[in-house]
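One structure, as structure tokens, below. Some questions next.
Bear in mind these aren't lab numbers, they're just calculated from the coordinates by the rules spelled out. In this text the structure is predicted, and so the values were computed from the model without any measurement. FYI the Cβ positions are ideal-geometry reconstructions off the backbone, even for glycines, and counts take in every protein chain you see.
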Amino acid sequence: MGIEDLLGGRDLGDVKKAVGFVMENSDDFQKVLDLVRELPDGAVGFIGKLPELL
């Protein structure tokens, strides 16, 4: 079993790109997480339904 098998059959190069993207943008991801944590209960579910509602 190789590392690709452990990653669900994904290409290791694609995984490296994804991890690199997250690492390069970690400050932005942290800002989004902080914003979501401050939202009232149920707000995240509502935001997820917005595309349907529009």
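At residue 50 and residue 18, where each label point lies 7 Å from the Cα along Cα→Cβ, what is the point-to-point distance in nanometres?
2.4 nm
Using DSSP to define loop residues, name the trypsin sites (Lys or Arg not before Pro) in the chain whose beta-carbon has at most 13 other beta-carbon atoms within 10 Å.
10
Between residue 6 and residue 38, what is the FRET efficiency for a Förster distance of 22 Å, r being their Cβ-Cβ separation, to the nearest 0.05? Display every interim value, and only then the final one.
Working: r = 35 Å, r/R0 = 1.61.
It comes to 0.05.
Match the structure shown to one of the listed values (1) 1.25; (2) 1.64; (3) 1.30 of Cα Rg over 2.2 N^0.38 Å, computed from it, and give that label.
Recomputing Cα Rg over 2.2 N^0.38 Å here picks out (2).
Now, a different point. Using unit Cβ charges (K, R positive; D, E negative) and no other charged atoms, how large, in debye to the nearest 20, is the dipole of the chain about its Cα centre?
Using Cβ point charges on Lys, Arg, Asp and Glu, the chain gives about 60 debye.
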